[in-house]
Structures are given as structure tokens and as C-alpha cells.
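Asker: Okay, handing you the structure first.
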Amino acid sequence: MEKHSIQYQTVRFNLNGKDVERTVDVRASLTDMLRNDFRMTSVKKGCEVGECGACNVLIDGEAFNSCIYLAVWAEGKKVRTLEGLLGPNGELSDIQQAFVDEAAIQCGFCSPGFILTAVEILESEREYTDDELRKLLSGHLCRCTGYENILRAVKKTMYKRLGKELPQ
């Protein structure tokens, strides 16, 4: 019987503004590396097949489900997790505060993924319609909130960043 050897590869990337390096099993997901090697506990293990959005992170500014993204693919990339949104003294970002203000968080399991997708939406500096926002946020499952408070938090922050009044 042939013995299979595990292959390892060193991955160098930027995590929340800091250059890091890890040697990982080439089969490991980005979720596993972020949680196990870097203690980024905001990256949740939900479905592990890219359907629920709980493991969402930003890679070079774009939202990805890290459970179906191999850790080795992060080579040379900029990865942001929810931990990377906090200010220097631990203060919440505007979108995190909006989630609190709008009661868009209940159990909180899906919140980090939703917030990171919201960051991608907000950093586009575009105004989206409610339907467009719903579509952009549709890669996330939430069992608690009914989604409306989440939509309101993103919309409120979008208008604020664009310097516009929130329509009634």
C-alpha cells in the first residue's frame, strides 16, 4: 500500500495590514488557516461549501467565501477580516456601529460575513437601489434578523458615506 505524504507550502500575504507568513497543508482552506493559525475567530465555519457567507473575508477588496478558497491562493494578497475593521483603540467602524444601531445583529454568527460584504459595497462609493443591495447581500444566510435591519444598516451607511440624506 502506497503511503501518501502531505504537501506543505509557505504562504506570504498581508492580514489586516500586517505582512504575515505561514506554512500550511496545500489542501487547507483559508478559513482554517485564518482561524487556526491567526486566531481570526470572526471568520465562522458555517456550511463549508460556500453557501452561507459566514466565512466571508475581503481579498484584495473583494468578498470571498474563505471556506472554498485555498489558503495557498492567498499568496501575495491582502486579506481583511472583521478584526481588521476596528480602529486603533478598538473602536467600531461606521458599518459595525450601524449594525448595532439598527439592531441588525441577533445571534451574531452571520454578522462578520455580512459586514465584510457591506464593506466591499461601501468601498465601491456607488449608490445602490434596495433591490441591488438585496442582490449584493444575497450570498449570506441569517436565521434571526429577517434581513431588513441588515439592509437598513448598509443603506444608512452608504448614504452617510456618500454625503446624502437617507430617503424616507
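The values are calculated or read from the model by the stated rules, or taken from the named source; none is laboratory data. Values in this document were obtained by computation on a predicted structure and should not be read as measured data. All accessible areas refer to the heavy atoms of the entire protein, side chains included, with ligands and DNA or RNA removed. Shrake-Rupley method; radii C 1.70, N 1.55, O 1.52, S 1.80 Å.
Asker: Using alpha carbons only, how many degrees (0 to 90, rounded to 10) separate the axis of helix 148-161 from the longest principal axis of the chain?
Answerer: Value to nearest ten degrees: 80.
Asker: On to the next question. Who wins for biggest fluctuation among Gly61, Gly139, Gly108 in a Gaussian network model of the chain, springs between alpha carbons below 10 Å?
Answerer: Looking only at Gly61, Gly139, Gly108, the biggest GNM fluctuation is shown by Gly108.
Asker: Another one. Across segment 1-150, how many lysine pairs separated by 8 or more positions, or lying on different chains, have Cα atoms within less than 24 Å?
Answerer: 10
Asker: Using Cα atoms only, what is the angle between the long axis of helix 111-123 and the major principal axis of the chain, expressed in degrees (0 to 90) to the nearest 10?
Answerer: Value to nearest ten degrees: 70.
Asker: So what's the gap between the Cα centers of segment 14-41 and segment 100-168, to the nearest angstrom?
Answerer: 27
Asker: Considering only protein heavy atoms, what per residue accessible area in square angstrom results for segment 1-147 with a 1.4 angstrom probe?
Answerer: 56
Asker: With a 1.4 Å probe and all protein chains in place, put Lys135, Lys78 in order of accessible area, largest first.
Answerer: Greatest to least solvent exposure: Lys135, Lys78.
Asker: Let me ask something else. How big, on average over all directions, is the shadow cast by the Cα convex hull of segment 2-83, in nm²?
Answerer: Convex hull of Cα atoms, orientation-averaged projection: 5.5 nm².
Asker: Remind me, what semi-axes does segment 100-140 give for its equivalent ellipsoid, largest first in whole Å, using sqrt of 5 times each Cα gyration tensor eigenvalue?
Answerer: Taking √(5λ) for each Cα gyration eigenvalue gives 19, 11, 10 Å.
Asker: Ignoring everything except DSSP H segments at least 4 long, calculate the 222 nm mean residue ellipticity for the chain; use -39,500 (n - 2.57) per segment, divide by total residues, nearest 500.
Answerer: Helix contribution divided over all residues of the chain: -7500 deg cm²/dmol.
Asker: Ignoring any ligand, DNA or RNA, what whole percent of the accessible area of segment 81-168 comes from carbon and sulfur when the probe is 1.4 angstrom?
Answerer: 51
Asker: Hey, another quick one. Could you please tell me the mean projected area of the C-alpha convex hull for segment 90-168, averaged over all directions and given in square nanometres to one decimal?
Answerer: Projected area, direction-averaged: 5.2 nm².
Asker: Report the equivalent ellipsoid semi-axes for segment 27-160 in whole Å, largest first, defined as the square roots of five times the eigenvalues of the gyration tensor built from alpha carbon atoms.
Answerer: Gyration-tensor ellipsoid for segment 27-160: 23, 16, 15 Å.
Asker: Let me ask something else about it. Springs between alpha-carbon atoms under 10 Å, Gaussian network over the chain: tell me which of Asp94, Asp32, Asp130 tops the mean-square fluctuations.
Answerer: Residue with maximal mean-square fluctuation among Asp94, Asp32, Asp130: Asp130.
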